[in-house]
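Comments concern the structure below.
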């Protein structure tokens with residue numbers, strides 16, 4: 001939909017070091033699964049952090065959807081909770097500030113992007129920021145039985161996330177998964193994708209300053225807590241993140257793993273060809289230099 005310019009994490013030597021970037025981990029709670037059927041955002045949270053796991057800022061607020069709030073059995077938000085909360089349009093200046101210069105991250109970014117495109121971009125959020133999906137990143141890099149945010153967190157660190165189905169609770173859990181992913185990787189992870197952009201400063205600063213946020217979750221003690229070591233479940237050959245979306249059932253997983261094996265063999269053959277070609281080129285250049293040196297010596301002898 002063009003809302004975000006997607007990138008991925010890779011162990012290949014391409015793009016900037018992922019640890020050198022900043023990330024805006026975004027989570028939303030909504031009244032339904034699909035904005036095309038009228039679903040709206042009712043809560044937003046962002047955890048801004050550096051690649052080493054240092055939290056720069058946390059933000060969360062309920063959002064007035066200007067419609068009936070459905071889905072309370074999942075997120076626990078009712079109609080009365082959103083009374084007095086800001087609208088999507090009032091949220092845009094703060095959200096623009098939080099994502100500027102950062103990679104926008106979410107666990108299942110496909111879902112969040114649908115609501116960015118349907119609601120927040122039309123309200124003024126600048127499109128085209130860099131994006132990263134931790135769900136696809138985990139599927140690409142690690143061999144786990146389940147990849148949901150809660151199950152992956154428990155399998156990798158031994159802890160179940162707190163505050164599930166609150167925007168800030170899920171954003172914190174996703175931020176910790178990302179920080180531990182960068183810390184525990186067997187090789188240096190790089191961000192393969194468009195670099196983040198510094199977004200234009202949002203207008204109407206005076207009006208934005210008068211907006212009253214309505215956070216559902218209070219601020220914590222600060223930081224993500226200790227980053228724990230992960231078990232040895234890293235894939236020998238990383239999968240193509242493009243093939244790691246959707247349900248990722250047994251069939252799609254097997255297809256992605258087969259493609260990774262083919263890609264590994266192709267890269268090995270290309271490296272072998274490059275080595276042979278490079279050796280041949282070096283030998284040719286060496287021979288040329290020897291001949292040039294001989295010719296130069298003969299010329300000096302004739303002049304003498």
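The values are calculated or read from the model by the stated rules, or taken from the named source; none is laboratory data. What you see is a predicted model; the values in this text were computed from it and never measured. Every residue, glycine among them, receives a Cβ derived from its backbone with ideal geometry; neighbour counts consider all protein chains shown.
Checking the stretch 132-145 against the condition returns a match, with at least one residue being closer than 17 Å to residue 164 by Cα and not in a strand (DSSP E or B). Evaluated against (1) modelled with pLDDT under 95; (2) at positive phi, residue 74 falls short on exactly one condition, (2).
Taken together, the residues in the stretch 56-75 that are assigned to a loop (DSSP other than H, G, I, E, B) and within 26 Å of residue 176 (Cα to Cα) amount to 1. Within the stretch 193-203, one or more residues are more than 20 Å from the chain's Cα centre (by Cα), surrounded by 11 or more Cβ atoms within 10 Å (Cβ to Cβ) and assigned by TED's automatic domain parsing to the domain that holds residue 22. Taken over the stretch 157-185, residues that are at pLDDT 95 or above and over 23 Å from residue 61 (Cα atoms) amount to 7. Every test in (1) touching a residue at least 12 places away in the same chain (Cβ under 8 Å); (2) touching a helix residue (DSSP H, G or I) at 6+ places or on another chain (Cβ under 6 Å) is passed by residue 99 save one, and that test is (2). Among the residues of the stretch 257-264, not a single one is surrounded by 12 or more Cβ atoms within 10 Å (Cβ to Cβ), touching a helix residue (DSSP H, G or I) at 6+ places or on another chain (Cβ under 8 Å), at pLDDT 95 or above and more than 22 Å from residue 186 (Cβ to Cβ). The condition (being at pLDDT 95 or above, under 20 Å from residue 244 (Cβ atoms) and surrounded by fewer than 21 Cβ atoms within 10 Å (Cβ to Cβ)) is satisfied by just one residue among 138, 144: 144.
Across the stretch 219-242, the qualifying residues are those that are in contact with a strand residue (DSSP E or B) (Cβ under 9 Å, 6 or more places away or on another chain) and under 30 Å from residue 43 (Cα atoms), and the one among them that is surrounded by the fewest Cβ atoms within 10 Å (Cβ to Cβ) is 222. Tell me whether the stretch 76-98 contains one or more residues that are crowded, with 16+ Cβ neighbours inside 10 Å and part of a strand (DSSP E or B). No, that holds for no residue. It is to be established whether one or more residues within the stretch 169-177 are in contact with a strand residue (DSSP E or B) (Cβ under 9 Å, 6 or more places away or on another chain) and in a loop (DSSP other than H, G, I, E, B). Checking the stretch 169-177: not a single residue is in contact with a strand residue (DSSP E or B) (Cβ under 9 Å, 6 or more places away or on another chain) and in a loop (DSSP other than H, G, I, E, B).
Looking only at the stretch 147-178, residues that are surrounded by fewer than 22 Cβ atoms within 10 Å (Cβ to Cβ) and under 20 Å from residue 232 (Cβ atoms) come to 9 in all.
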